[in-house]
1. Sum up the charges of everything whose Cβ sits under 9 Å from the Cβ of CYS55, counting Lys and Arg as +1 and Asp and Glu as -1, but leave CYS55 out.
2. Across all directions of projection, what mean area in square nanometres is found for the Cα convex hull of region 35-82?
3. Scan the chain and hand back the longest stretch that contains none of the trypsin sites (Lys or Arg not before Pro) lying in DSSP loops with at most 15 other Cβ atoms within 10 Å.
4. Just subtract the alpha-carbon distance of LYS131 and VAL36 from 0.36 nm times their residue separation and send over the number in nm, one decimal.
5. Taking the Cβ of VAL101 as the centre, find all other residues whose Cβ is under 12 Å away and add up their charges (Lys, Arg: +1; Asp, Glu: -1).
6. Using a 10 angstrom cutoff on alpha carbons, build the Gaussian network for the chain and name the most mobile of ALA38, ALA98, ALA89.
7. Looking at the chain from every direction and averaging, what is the projected area of its Cα convex hull in nm²?
8. Quick one: in region 93-162, what % of C-alpha pairs are over 19 Å apart?
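Read-outs: derived from the displayed coordinates by stated rules, not from any lab. Here the structure is a predicted model, which means the values were calculated and not measured. Glycine gets a Cβ as well: all are built from the backbone with ideal geometry, and neighbour counts include every protein chain shown.
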Amino acid sequence: MEMNLSTILTTTSSVEASEGALSLYKYLIVVTAGWVVAQSIKCLLRVISSRKVDCFAIFFTSGGMPSSHTAVIVSVTTLIGLVEGVSTAIFGLAVAIALIVVYDAVKSRKSVGDQAELINKLLKEQGSKIKPPKIVRGHTIPEVIVGGLLGVAIGFAGFLLF
């Protein structure tokens, strides 16, 4: 079947009429929900633990419980698996990307954050005028596990809703 713009637009219109407009955006909705829910939980935990309400800053910083990176990628991977099937190429690709994101959250970003803390400590001890590097927070294994469980729940909820 030849795919051109007319075919794509006609197919989209047919899908829209049969499934409903929101169903077309289920993947983007689930991704957004994963991020918003995970960041909201971080904000709530920060308010409970420190009695400070600085949620705006929390929404745009990395690290902390739960991992929003993991929640986002696992939510959409779960939805893809449930909708498209676990034996599809797109699910395999989603799993590969999820593994990369989780590895990066636990290993790479955590390591970079630890190194930045040590560099900043050395710069301070030496009285250096060099601008200290920004500390990027990675995640601990429990933060990633909770983010993953949250992602599965959000992906499953998205499947049930759409």
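1. Result for the neighbourhood of CYS55: +1.
2. Details: hull surface 12.9 nm².
Convex hull of Cα atoms, orientation-averaged projection: 3.2 nm².
3. 53-128
4. 30.9 nm
5. Details: positive: LYS107, ARG109; negative: ASP104.
Cβ neighbours under 12 Å give a net charge of +1.
6. ALA89
7. Averaged projected hull area, Cα only: 13.6 nm².
8. 52 percent
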